[in-house]
Every structure is written in C-alpha cells, then in structure tokens.
Amino acid sequence: MALTSAQRKILRNALADKDAADAVADAIDAAGNEQGAAVADLNQTISDPPTDTEVQAISDKVDELLASLRAAGIIAS
C-alpha cells in the first residue's frame, strides 16, 4: 500500500522533522510494494476419481501459495 501524495503531505505536516517524515513514508511505501514469490501454475488434469498423487499436488500448491503470501507480508503466519 503506497501512500498517496495527500497522505504523504499529511504525514509531513504531522511531523516536525521533514526528513524523518519522508523516511517513514518511504518505509511504508516500500513495505506496501512487496510481492510474493512467483508460484508456477499447477497445470494438472484431474482424473475421476482423483488419485492420491493429484490431491497431494493440490495440497502442496496451496501450501506454496500460502508461504508466498506470508513471505510478502500479505497474510499473517
């Protein structure tokens, strides 16, 4: 979540030290732009009924997605 220019201006007005305000705003901007690690598509065809291996692959992919989101700070651990 990057700060808008209006939010940055409010922060600068609230803090007496403009350099400190900019440092805080920059830190907020940097934290808000983190991305999770790339997660490859599963590209799997599911048989009917699904095999244990297919179900495990789905479970593994969900775990990979969750780990990526946690690493990016999008969801809590």
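Remarks
- The percentage of C-alpha pairs in the chain whose separation is greater than 22 Å is 51%.
- Angle of helix 5-14 to the longest C-alpha principal axis of the chain, folded into 0 to 90 degrees and rounded to 10: 50°.
- Estimated 222 nm signal from helices in the chain, with DSSP H stretches of n ≥ 4 weighted -39500 (n - 2.57), rounded to 500: -19000 deg cm²/dmol
- Exposure proxy for S77, S59: other Cβ atoms within 10 Å of each Cβ, ordered fewest to most, give S77, S59.
- Sequence-distant contacts, meaning Cα pairs under 8 Å at least 6 residues apart, place the relative contact order of the chain at 31 percent.
- Long-range HN-HN contacts of L3 with modeled amide H, under 5 Å: D29
- At most 14 other Cβ within 10 Å, DSSP loop - GluC sites (Glu not before Pro), region 16-77: E34
Coordinate-derived values only; no laboratory data. This one's a predicted model, so the numbers in the text were calculated from it and none came from an experiment. Please note: Cβ atoms are built from the backbone with ideal geometry, for glycine as well, and neighbour counts cover all protein chains shown.
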